[in-house]
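The block underneath contains the structure these notes are about, expressed in structure tokens.
The values are calculated or read from the model by the stated rules, or taken from the named source; none is laboratory data. From a predicted model like this one, the values you see are computed outputs, not experimental measurements. Reconstructed Cβ throughout: ideal geometry from the backbone, glycine too, with neighbour counts over all protein chains shown. The area values use the complete protein model at the heavy-atom level, side chains included, leaving out ligands, DNA and RNA. Shrake-Rupley method; radii C 1.70, N 1.55, O 1.52, S 1.80 Å.
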Amino acid sequence: MRYFLMILTISTLFFSACSNNAGKFYKATQYVKANKLEKALKLYNDILRKDPNYTSAIINRALVYEKLGEKDMAANDYKKALKLAPKQVDLLNNVAVFYLDQKRPQVAKEYLSKAIEIQPEYTIAYVNRAKANQMLGNNEEALQDLENALGLEPNNIEIILNKAIVNYKMTNFKKAIDGYSEVLNSRPKDYKTYYRRGLAFYMLNTFQNAFNDYNTALAINNAYVPAIFERAKLLFEQGDYEAALADLDVLKTIDNQYAPAYDFTGDIYAIEDPIKAVSNYIVAKKLDPANTKRYDAKIKLMTSERGRKTVINKRLQRI
């Protein structure tokens with residue numbers, strides 16, 4: 001299960017009053033917006049050759065380096081900027097997001113906590129620290145950060161969504177549904193949130209509501225693979241194997257590299273057609289070699305009726 005907590009970033013555009021490079025700086029930011037990163041990088045380099053302490057240019061160059069995949073260069077620029085402006089909260093936030101992207105949430109959390117200490121009403125830092133806390137497994141702290149953020153911006157739909165996602169992870173399914181519903185009141189075409197709410201309904205055993213939400217998600221975007229897969233699982237559990245297989249067949253036409261679809265198809269065919277089951281497990285094994293042993297075990301189980309029943313029972317337990 002993926003958790004879709006948003007990481008907010010902000011371009012830090014504080015100009016140097018003594019710089020003669022404001023025009024170049026503005027043009028560079030426009031290049032970044034147009035995704036002309038090499039041109040933006042050239043301008044930032046020109047600016048910094050003339051004015052090495054132009055802090056906003058250093059920060060934005062770091063952002064460009066990040067986009068270009070030059071992580072070491074980005075890190076060096078952030079270090080330079082922090083020496084020049086150690087209490088600039090937007091900079092602290094951007095450095096934190098950099099470390100979140102590097103899967104270093106504890107370091108990110110330290111920068112975000114410093115930003116909040118300097119500016120307690122800085123909403124974006126609470127949201128990003130919630131992400132760091134979630135990555136660290138501190139879901140209670142993540143929820144508190146989002147509560148603090150909502151105290152500052154009570155109508156911010158992204159924060160409401162993030163809070164619902166954390167509530168889901170903490171198995172507070174009713175609260176998650178309330179949050180998702182609030183989001184959908186404002187964004188009725190948000191198919192991903194219909195899907196998320198469907199998952200929460202499912203966990204509360206309100207299967208018809210879950211089915212309805214998956215259907216609504218797919219009415220908005222009929223190629224949304226997670227909703228197709230979850231609907232197939234629900235149909236399978238309800239005993240409608242043909243409908244589940246039909247969904248999986250559609251899914252494979254949309255994404256023929258999605259190994260779980262072949263694995264699931266194999267489990268369904270295990271009931272009556274072990275040869276088809278094996279052929280699907282073989283495809284899944286090719287697409288997902290990290291789980292070769294599991295697929296080989298299933299293939300071996302197809303040689304007996306008892307083995308096939310074991311596969312089906314495990315699939316039902318997993319659902």
Here the gain from full extension of ALA34 to GLN257, 0.36 nm per residue of separation minus their alpha-carbon distance, amounts to 77.1 nm
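Report the per residue volume, in Å³, of the convex hull enclosing the C-alpha atoms of the range 71-144.
68 Å³
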Farthest towards the positive end of the dipole of the range 17-124, among VAL97, ALA34, LEU63 and with Cβ unit charges of +1 on Lys and Arg and -1 on Asp and Glu, lies the Cα of ALA34
For Rg and Dmax of the Cα atoms in Å, pick the label among [x] 24.6, 81; [y] 19.7, 58; [z] 23.5, 90 that corresponds to the value derived from the coordinates. [x]
Once you charge only the Cβ atoms, +1 for Lys and Arg and -1 for Asp and Glu, what is the size of the charge dipole of the chain about its Cα centre, to the nearest 20 debye? 920 debye
Treating cross-link reach as a plain straight distance, find the lysines whose alpha-carbon is under 21 Å from the alpha-carbon of LYS42, omitting any fewer than eight places away in the same chain. LYS24, LYS27, LYS33, LYS50, LYS67, LYS71, LYS79, LYS80
Among GLU182, GLU38, GLU121, which one moves the most in a GNM of the chain with springs linking Cα atoms closer than 10 Å? GLU38
Going toward the positive end of the dipole of the chain, with +1 on Lys and Arg Cβ and -1 on Asp and Glu Cβ, which of ASN162, ALA284, PHE201 do you reach last? ALA284
Given the Cα atoms of the range 204-249, and with Rh set as the inverse mean 1/r over their pairs in the Kirkwood sense, what is Rg to Rh to two decimals? 0.95
So which aspartates and glutamates pass the test for LYS233, namely a Cα distance under 16 Å, with those fewer than 8 places away in the same chain ruled out? ASP213, GLU242, ASP247, ASP249, ASP263, ASP267
Over the range 20-174, give the accessible area per residue in Å² for a 1.4 Å probe, as an integer. 48 Å²
Signed unit charges on C-beta, dipole axis of the chain, positive-most listed residue GLY307, TYR295, LEU235: TYR295
Ranked by accessible surface with a 1.4 Å probe, highest first, in what order do LEU43, LEU251 come? LEU43, LEU251
How big is the range 110-165 along each principal axis, measuring the range of its Cα positions in Å and listing the largest first? 26, 24, 13
Total charge of the residues flanking LEU136 in space, meaning their Cβ is under 15 Å from its Cβ, with Lys and Arg +1 and Asp and Glu -1, is +2
With the full set of protein chains in place, find how many percent of the accessible area of the chain is carbon and sulfur; take the probe as 1.4 Å. 50 percent
Take each of the peptides 154-163, 69-78, 236-245, average the number of other beta-carbon atoms within 10 Å over its residues, and list them starting from the highest. 154-163, 69-78, 236-245
Place a +1 charge on the Cβ of each Lys and Arg in the range 141-218 and a -1 charge on the Cβ of each Asp and Glu, then give the dipole magnitude about the Cα centre in debye, rounded to the nearest 20. 320 debye
Given the C-alpha atoms of the range 206-319, compute the convex hull and give its volume per residue in Å³. 93 Å³
Where nothing but the Cβ of Lys and Arg (+1) and of Asp and Glu (-1) is charged, how large is the charge dipole of the range 102-197 around its Cα centre, in debye to the nearest 20? 540 debye
Estimated [θ] at 222 nm from DSSP helical runs (n ≥ 4, -39500 (n - 2.57)) normalised by residues in the chain, nearest 500: -23500 deg cm²/dmol
